[in-house]
Each structure stands twice: as C-alpha cells, then as structure tokens.
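Beneath this line is the structure, given in structure tokens, with notes to follow.
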Amino acid sequence: MKIFKIGVGELVSFLYSSGDLSSETFQNVSLLDGTRAHQHLQSKYGLNDQAEVSIRYEWQDDHHMILLTGRIDGLLLRNDTLVMEEIKSTRFPIFSDDFALNNEHLAQLKMYSYMYMKNNNLTDISARVTYIQLSDYKTRYFEFIFDVDLLESFFNESIALYMEWMLRLEAHNEKKKTSLEQLYFPFDQYRRGQREMMSAVYQTMMEDDILYAIAPTGIGKTMASLFSTLKSLHEDNQKVFYLTAKTAGKQIALQTMDMLHEAGLHTKTLEITSKDAICFLDKRECDPEKCPFAKGFFDRLQEATKDIFDHETLLDRNTVERYARKHMVCPFEFSLYVSYYVDVIICDYNYVFDPRTHLIRYFDEDNYKPLLLIDEAHNLISRSRDMYSSTLYKSDFIKLRRIASKLKPSIRNAVKKVLDAYDNYEEKLGDALFYSHKTLDEDFIDAIRNLMRKIENSLKENPKYSKKTDVIEGYLNILGFSRIYEFYNETYLTNVERLDDDIRITIQCLDASSFILDTLNHKAYGAVFFSATLYPLEYYMKLLSKGQGETLKIQSPFNPNNLKIVLMNQISTRYQDRKQSIHQVVDTIQTVVNSKKGNYIAFFPSYQYMNEVIDHLPSDLNADLIIQEKEMDQALRVLTVDRFKNENHLSQLAFFVMGGMFAEGIDYIGDMLNGVIIVGVGLPMLNETNNQLKKYYQDNFSQGFDYAYTYPGMNKVIQAVGRVIRSDHDYGIAILIDDRFGQTKYKKLFPMEWKKHTILKTSSQLEKELTAFWQKMK
C-alpha cells in the first residue's frame, strides 16, 4: 500500500485558492509579520486554551493510505464550549465592504475540524476563521458550527480531487527514480578534473555538508555539479537549486538539464525570472483592477499548473510565459507556485539568501530539503552584503508626500516626522558629505514604522485611490528597510550621505556570513560553492560560511602553453601615476593589436580611466573599436558579443570594465577572442564604504586592505583573463599592465596555470615576444 504524507495547507492551497492577486493581500505577509500577529492573539489565550496544536489523521482505501498533517492555531474553551480557531493575518482592510471570507481559509478550517472530530469521536464542533489586520491588530471573526457527518462529503471529495493530482506526482516521481538509476553520464569520456568534482559534490550532498570548489573553465563544472547532485537524490522532498548571478549562467544550466533530459532523465526543471523582467505590462502594476493577469489569478492557477506540469519538462522563461498567457495568470507568481512540483530550480542567489525575497516555502518551512549549487560563487560576498543592507532617500519621502496628498486620513504628519529625522541627521553631517554611526537612531526607525501604519490605515479607507500603486511601491521600500533592520547587529553601520540635492540613509551590512551560514546549516541539506576564481579559498570561506566547509582545487584541463601571460611590471596604473603612464598603456595596447589581426579586449578598473585611455588612442590605430557603455540593455549586450563572431577586415579592440557584464560568464570561443589587456590590479574604488570594510576586516581578520581591496580586485583580473581560453583548441595572450603584478603578494594569487608567465619592460620586447608566440601557435 502506497503511503502519502500530505500537509493540509498544501492540499487546500491547491484545491481552493481563489480570487485576485494583489500587492496588499495574504501573499504579501512575511513570515515574521504573520508570526508576530499570531503570537499577539495567542498571548491572550486563557490557561485552558491551547496554541499551535499538531494534528494527524490517517485515511485509506484499498490501494492508498494518506497521512494528513497540520497545525491548528488554537483550541479555545469559551463558555464550556470547545472552539477551533484558524488565524490569518492580512494587510487588507478586514472591515471593508469588499472583504470576504477566503475559500482556502474556510477549507482549511473544515479539514482540521473534520480531522479533529474523527480523532476525538465528536459529532460537532464550533470553529472560526479569525482575521487580524497587521496595521492595528484588530480582528474579525467568521464563526461556524460543523457537523461531522455533514463535513464527511466535503472531506472525501477533497481527498479524491487531491489524490488524482498526487497520483500524477507519484507517477512522475517513480519515473524520476527509475531514470536516475538508469542515467549514465551523457559523454563518452570525462574531462580532466570533472570526475573528481563529481565525486566531491556527490559526497557533499549525501553528507549534508558544505564544499568550496575551485573549478576552472573547461572541466564541465555545470554538468559535473548537476549530474552528481541529481544522482544523490534519495528522498521525494529533496529539491535542487542551481544559483547563478548571470543570465548566461542560467542558460548553461538550462542547456545542461536539457541534455540530461535527452539522455533519458525524467525530471522537471524550472527557471525563475525576476518579477520586473517577466512582467507582461509596460509598467508593473500589481493591482487586479489594472492587470488582467492578477484579476482572478487564483481561480485559474490550478488548471495552469496542471497544464504545464503535464506537457512540459524544461520550464524555461519562454515556456512559463507561454502558459501564463494561455491561462491569463501572472508569470512570476505562476512560476513560484509551479516550483512546488518541479525537481530542479534555476534562479538568482536572492531567492535563497535574501531575507526580503527568499522563497518562504523552502527556506522558512520544513516541508522540503533544498540542495544548493552556487555557481560563480565569487560574486556572493558582495551580493550577500547587499542583501542584508537597505537604503532610504529623503527625496522618496518628499515624493510619497506628494503622491499621497489626497489620501484620507492624511499621512502628511507621519511623513513630516520622518523628514524631521532626516533633518536631524543633516545637522549631524554639518559641512561633511558622509557621517557614520554604529547604531540607527531609534527616532528614525520609530518614525518610519509609524508612517507604515498610517499608510496601511489610509489605504484601508481608500482602496481605490488613484495613485495606490505608487503609494504601495513607496510603502514596500520602507517595509524592506524595516525588515532588514531586524538583523541589525555588530556587523552593521548606519551611513548618512549628502548627495547633490538629497540625503541618503543606509543600514550597511559589512559581513553577512552568519546569515548565510544560518541558511546553510538550518535550511539547506548540502551546498557547493564553485567558481574558477575562489582565490584565496580562506577569504571566501570566512566571509560566506565563517570558515566552515571542505575544499577542492582542480587544475585547469587546458594546456598552459596555449595562454601567453605577460607582466608589464614597469608601468604604474595607480591613480596618481595615470597621467604619466597613459602613453605606455596606449603603446602596449597598440603593440598587441599590431601583433596579429584578431579580436582583443582591454579591461579597465573604471569607466573614467577607460575613457581617458580612449581619448589618447592614436588616429592610425588599425582596429575597429567596441566601447562598453554604463547603461546597456540585454539586446545591446547581445549585439555587442555578436560583433566578436563576425569576420572583419580589421582587428577589433573592445574597451570593457573589469567585473562588468562582458568580463565574466561569457564564452568567447575560438577566434572570437585572441587576447586581453588587463590595465591595473582591479582594486575597488576607494570610498567610505570600502574603507569601512577595510577597518572591519582589519579588526576581525587582521587583513583589512587585502580583504577589502586586493582580493576582490584580483578576482576581477582572473575572471577577465579567463575569457581567453574556453576550449582545448583555443590559444591567446593576456597582458597584465601594472608593477604590482610582480609583487609576491599578487603572484601568490595567480592560478596554477599562470606560473609560466613572462616579465617584460618595453613595448619592443613585447612585440618580439608576441610575434614568436603567434608563430609558434600557428
């Protein structure tokens, strides 16, 4: 007999969700806010009342047994009568004429009531759904008396309907297990280092461990990590998360899964795209009166989910969009819901690690066991700091005051209190541009929390306010700031900055490693961080998982002789030396371009320095220029990369910024790229925030400058050089311009395959060296 374990919440969500999708309804209540509201009500329970009561009920027929589980919010004794309570928190005005009992919440109450009566041999029970407004904790009850015999048909029908869906899922799971047992590696042979990585990843997942892997380009790390993680699956509630910061990384992961599907693997793979990127409207309006995909979203969600599940294997962005249009549902929320029923999720880091946007169903609840593959993990240190930091501008509140000017009751006084707090900070700034303190002023946080309550109350009274969407957008920014403040500890500083005509307040996280480690230890069941550039490993381990984890270093599979590394260490690119050395930089670039017709990229640490060099290029430079702009949309990015694929009469010379969109995650294969020129050691900009990091790292790790500047800079250098050799047949050059590259500290950070570098002093020496290299490789 097959046994199914089913959560009541999951069952009623699938069967009985109904109504519109909107910004201020139930799905926008964070776990923290909802828990607090629940605890507020439960704190008022009497001595004979019970809170958070676990419940189990077994149902079976001739072939199946279902173990239903759940948690009843309250069992209360009122006038000697037992009352079951189901609590739901909401931002929606519960006393509004538009407010109605939600079908899903009523169904949950009915299921719990039936289960409780059957377990305790009761014939009837009093029960209620209690709604609590987050703005003021006022409550509204919907009360019922349920008869066990009358509820039986509802219960049995719900079980039958859900069993039909469960059998589809079970059939999929059985095919998945069989296909995983029979799945063989889809290539005739392993690349060098690939099998070693696969073994380490498999062991990490089986042992619920943490692994850091230096995985160079060319070993097939995407296939290695996904194949071995899939092979490690042994429980139905395990789910693979492939995390990457770049669109290109997503595409490689999707192609890899498609290849495995072609090889016989039976799994469902989903790509999650950001809400703004996938929205069908020109301007995102999460208002059912303005968005037809939000209106009636939950009424159509079940059929849309069944349709895509039955007919698709690779649920990439285009597939999700196609089914979302077919069923008229919001593509973003649709993808999140479909994620329940897939095996592999490919998404950005923030869906796992960001406290404002992580997927609650996987990382705040215990129904699933996520396995994490973190690609290009060198990006996660800075990204994690950003995830746990938040900024508010004075101008945002002035704008909010204007767009909410006709709201009644008025929020004007509440906005004024926030602006007064900004004025107090401005006074502390005096003539300075930057002010920092270890704590955030309590008056400020109190003022923004008061403003949030006022906005909630005003929108309750004015649900059809003409600029409601703009007000909600401002509210959500404040809410995000307030949520991040909950994490404020000794790793934070409050920064106040004077801009041209604005004041910016930031709660700045300097080290998010304790938060990342909490996710790894308590919410994930195995994690692999991998990148070609995790140098030095100790730096990444300390700042991502507080030093915890195993390590793996894999040597590049490519012939190191195919990459000519030249150090031009007689040139200083330090800020104070740039005017004097700019002609040496230009001469070096011209020498490279003249050495062989081809495609070259010059990488710079900043746009300003890049443009200064461009201004000094000779008029007779024998190359077409490709210049990166600060703002480039996806279409322009694709066109830029495509230029490297074209046959040209002249060489092409690109000017790109290190660490930018063209410096990593892109494969310039074969003749697409013949060489790179790295100008400078890639140090991050010297500014107040980076100096704060420097001080923090010095106080905590005794390596302030290296952690804040040297290591992030060299990471960008190694990433940029990594564009040259992308396959066994590629060969090319990398010219490193800066005297610091000759220092022992920097040489220790060189990848193993850079050991055979050449040190040159002049352009004439470089010309001879490059001529000999091209001749040899020919």
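Computed quantities for the displayed model
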quantity	calculated
Total formal charge among the other residues, if their Cβ is under 13 angstrom from that of Val593, Lys/Arg +1 and Asp/Glu -1	-2
DSSP beta bridge pairing in the chain, given as percent antiparallel to the nearest 5	35 percent
Sum of side-chain charges, Pro331 neighbourhood, beta-carbon under 10 Å (Lys, Arg +1; Asp, Glu -1)	+2
Percentage relative contact order, the chain, counting C-alpha pairs under 8 Å, at least six apart	12 percent
Relative contact order, percent, segment 187-311 [alpha-carbon distance under 8 Å, six or more residues apart]	16 percent
Over segment 300-416, relative contact order from alpha-carbon pairs under 8 Å, at least 6 apart, %	16 percent
Violating pairs (Cα-Cα greater than 22 angstrom) within the set Lys138/Lys454; Lys290/Lys454; Lys394/Lys467	Lys290/Lys454
Where GluC sites (Glu not before Pro) fall in DSSP loop in segment 274-348, at most 15 other Cβ within 10 Å	Glu289
Environment charge at Ser390 (Cβ cut-off 13 Å; Lys +1, Arg +1, Asp -1, Glu -1)	0
Extension gain from Asp49 to Leu150, taking 0.36 nm per residue of separation minus the Cα-Cα distance	33.7 nm
For segment 702-708, 3J(HN,Hα) per residue [Karplus equation, 6.51 cos²θ - 1.76 cosθ + 1.60, θ = phi - 60°, Hz, x = Gly/Pro]	6, 9, x, 5, 5, 5, 8
Spin-label model distance (nm) - Leu161 vs Ile759, 7 Å beyond Cα toward Cβ	7.6 nm
Carbon plus sulfur fraction of accessible area for the chain, probe 1.4 Å, in percent	46 percent
For segment 190-225 versus segment 617-652, the gap between their alpha-carbon centres in whole angstrom	36 Å
Per residue solvent-accessible surface (Å²) - the chain, probe of 1.4 Å	44 Å²
Mean-position separation - Cα centroids, segment 429-485 and segment 277-292, in angstrom	24 Å
Ranked packing of 488-497, 593-602, most packed first, by mean Cβ within 10 Å	593-602, 488-497
Cα-based Kirkwood hydrodynamic radius, the chain, one decimal, Å	29.4 Å
The chain - mean residue ellipticity at 222 nm from DSSP helices (-39,500 (n - 2.57) per run, n ≥ 4, rounded to 500)	-13500 deg cm²/dmol
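The values are calculated or read from the model by the stated rules, or taken from the named source; none is laboratory data. On a predicted model such as this, the values are computed, not experimentally measured, just so you know. Every residue, glycine among them, receives a Cβ derived from its backbone with ideal geometry; neighbour counts consider all protein chains shown. To get the accessible areas, we keep the full protein, side chains included, count just its heavy atoms, and leave off ligands, DNA and RNA. Shrake-Rupley method; radii C 1.70, N 1.55, O 1.52, S 1.80 Å.
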